[in-house]
Amino acid sequence: MNLFEIMGPIMVGPSSSHTAGAVRIGFIAQRLLGGRPDWAQLQLSGSFAATGKGHGTDRALIAGLLGMAPDDVRIPMSHHIAAKEGMEVELGHIELRGAHPNSVLLHLSRADKRLSLQAASLGGGRVRVEAIDGMEARFSGESPTLIIRNEDRPGMVGEVSAMLGYHNMNIATMQLYRAHRGGLAVMVLEFDAPVPLMLRQTLEHLPGICSVTYLELEGT
Amino acid sequence: MAFSSIEALLTAAKDMPLWEAILRSDLEDRGVEQADSIEKMTLRWQAMVAAVEGYDACERSASGLVGGDGGRMDAAPRHYVDSYGQQVIATALKTGECNACMKRIVAAPTAGASGVLPAVLIPLRGRHSDEELIRALYVAAGFGQVIATRASISGAEGGCQAEIGSASGMAAAALTDLQGGSPQQCADACAMALQNLLGLVCDPVGGLVEVPCVQRNVVGAVNAIAAAEMALAGIGTVIPCDEVIDTMRAVGDALPSSLRETGEGGLAATPTARRLVLS
């Protein structure tokens with residue numbers, strides 16, 4: 001842990017896992033969606049469901065979906081702010097089998113775009129996305145991250161990594177997931193440096209690539 | 001790189017002040033300029049002060065279990081402690097209550113233990129410059145980093161000793177350094193503070209960061225002051241700081257899960273706590 005993960009973060013209480021981490025999950029979700037959702041269904045699991053209310057986990061998740069950071073003093077009022085901004089929120093509980101104790105499943109929509117996201121709060125405000133749209137995809141959002149959906153066929157990984165190498169982008173970590181053979185696959189790539197927009201657009205136009213989502217969060 | 005032992009930290013501090021050795025390791029670790037690091041620490045210091053200054057004794061947590069104690073402590077006559085001691089207790093309560101009431105605080109090292117460092121440092125503002133107190137935060141963070149690496153700063157992993165205990169060890173080192181104690185004395189202070197709280201369980205009523213968390217911040221602060229006074233008096237520890245930290249990890253591993261933030265054991269399992277959770 002770096003020095004400011006020990007002395008910090010600056011955050012709205014009461015819990016780094018149940019509050020600060022929950023804000024971060026909401027924030028990552030709205031970034032992946034491309035903006036504030038019009039509709040959000042939050043399903044809390046495990047300890048999030050058991051003690052979430054007293055920890056303000058619901059308010060924290062909504063605050064994140066509204067684009068707030070973990071130290072935003074408006075977090076306690078997020079229900080009210082969501083209502084004012086016209087974001088419809090549904091709250092519920094779910095039992096996510098085998099999931100981390102502090103987990104949540106989010107279903108979101110913004111205009112005609114939909115996204116579902118399962119994520120866990122690991123403690124100290126750190127989080128991990130576990131699945132996107134029902135497909136496994138694990139990343140923390142701590143480094144610039146590319147989530148690429150592509151057809152599951154030979155050569156896709158090579159093409160993407162060659163393109164990144166050509167543009168001098170060093171891949172820090174790379175993970176591959178797929179629903180079933182020959183179906184849709186997901187590549188999750190993490191980088192030490194930001195990935196330029198031009199390069200992301202080039203990747204999006206490669207044959208066989210269905211979508212390229214990029215996540216780059218500023219550290220607090 | 002972050003220090004993996006207190007011994008390595010003391011070695012690095014042979015040719016420079018402790019806080020500077022820790023600052024340098026941060027610059028190397030994160031690849032940033034000195035101004036960036038100092039600014040970040042200054043913001044944390046300012047946020048600690050702002051939380052205490054913005055304290056409202058009328059506020060209550062969502063559950064209604066905590067709130068108002070910082071104000072009560074401020075208003076009460078003193079019986080045993082001096083003015084500093086009273087402010088330490090009040091500041092620990094205020095920060096803990098701010099946290100429980102969803103106000104902005106600084107996790108140091110966690111939200112549940114966020115009151116310990118502000119409690120011992122903020123009442124020193126008249127005696128020490130902000131610059132000196134920010135340097136003390138570096139010392140605290142450096143010790144905390146070793147604790148996090150070798151043991152844990154998570155109540156779910158290591159019990160309350162990992163949260164209030166760690167914060168107390170960090171604060172003891174910071175207080176010792178602030179009065180000109182040697183790096184070895186800082187390590188002794190940290191070791192004493194940690195060993196005094198070994199085995200402290202995490203047993204929050206209703207699973208909330210309220211009872212007994214808020215008041216345990218007071219114990220962390222008072223224990224840190226006692227440990228710093230002892231270290232500055234030349235009292236050392238038999239067991240070296242690194243071994244005490246390793247012990248904290250071993251004790252944390254041996255704690256049953258009911259005493260590690262599950263809200264199932266300790267005070268959380270009392271008839272009163274169960275009744276409060278149901279109501």
* Please check which bits of the range A:59-96 a label hung off residue B:43 would reach, taking the label as a point 7 Å along Cα-to-C-beta and the cut-off as backbone N under 13 Å. => A:69-72
* What net charge do the residues around residue B:21 carry, taking every other residue with its C-beta under 9 Å from that of residue B:21, with Lys and Arg at +1 and Asp and Glu at -1? -> 0
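For the range B:39-86, which chymotrypsin sites (Phe, Trp or Tyr not before Pro) are both in a DSSP coil and crowded by at most 10 other Cβ atoms within 10 Å? Mind showing how you got there, number by number?
Numbers: sites: B:45, B:55, B:80, B:84; in loops: B:55, B:80.
The qualifying sites are B:80.
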* Determine the sum of side-chain charges near residue A:197: Lys and Arg each +1, Asp and Glu each -1, restricted to other residues whose C-beta is under 11 angstrom from that of residue A:197. => -1
* To do: Please give every one of the lysines within straight-line cross-link reach of residue A:84, meaning a C-alpha to C-alpha distance under 21 Å, and leave out same-chain neighbours fewer than 8 residues apart.
  => none
* DSSP H segments from chain B that extend 24 Å or more along their own axis, Cα-based, with Kyte-Doolittle mean of -0.5 or above -> B:34-53, B:83-100, B:130-150, B:213-232
* Asked: Do any GluC sites (Glu not before Pro) in the range A:64-98 lie in a DSSP loop with no more than 15 other beta carbon atoms within 10 Å, and if so, which?
  -> A:95
* Show that you can apply the helix-only estimate: for chain B, add -39,500 (n - 2.57) for every DSSP H stretch of four or more residues, divide by all residues, and state [θ] at 222 nm to the nearest 500. => -19000 deg cm²/dmol
* Looking at chain A, which longest stretch skips every one of the trypsin sites (Lys or Arg not before Pro) that is in a DSSP loop with at most 13 other Cβ atoms within 10 Å, leaving the sites themselves out? -> A:98-180
* To do: Give me the distance in nm between label points sitting 7 Å out from Cα along the Cα-to-Cβ direction at residue A:138 and residue A:200, one decimal.
  => 2.5
* Structure fact -> Calc'd 3J(HN,Hα), the range A:123-137, phi into Karplus 6.51 cos²θ - 1.76 cosθ + 1.60 (θ = phi - 60°), Hz, glycine/Pro = x, comes to x, x, x, 8, 9, 9, 6, 9, 7, 10, 6, x, 9, 4, 6
* Asked: What FRET efficiency do you get for residue B:229 and residue A:161 if R0 is 56 Å and r is their Cβ-Cβ distance, rounded to the nearest 0.05?
  -> 0.40
* Have a look at A:184, A:199, A:61 and tell me which one the Gaussian network model of chain A (Cα, springs below 10 Å) gives the largest fluctuation. => A:199
* Apply 1/(1 + (r/R0)^6) to the Cβ-Cβ distance of residue B:78 and residue B:128, taking R0 = 22 Å, and write down the FRET efficiency to the nearest 0.05. => 0.50
* Asked: How high is the FRET efficiency from residue A:211 to residue A:97, r the C-beta distance, R0 41 Å, rounded to 0.05?
  -> 0.90
* Note down the net charge around residue B:270, summing +1 for each Lys or Arg and -1 for each Asp or Glu among other residues with Cβ under 13 Å from its Cβ. => 0
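Read the figures in this text as sums done on the coordinates, not as results from a lab. Predicted, not measured: the structure shown is a model, and the values here were computed from it. Positions of Cβ are backbone-derived with ideal geometry, glycine not excepted, and every protein chain shown enters the neighbour counts.
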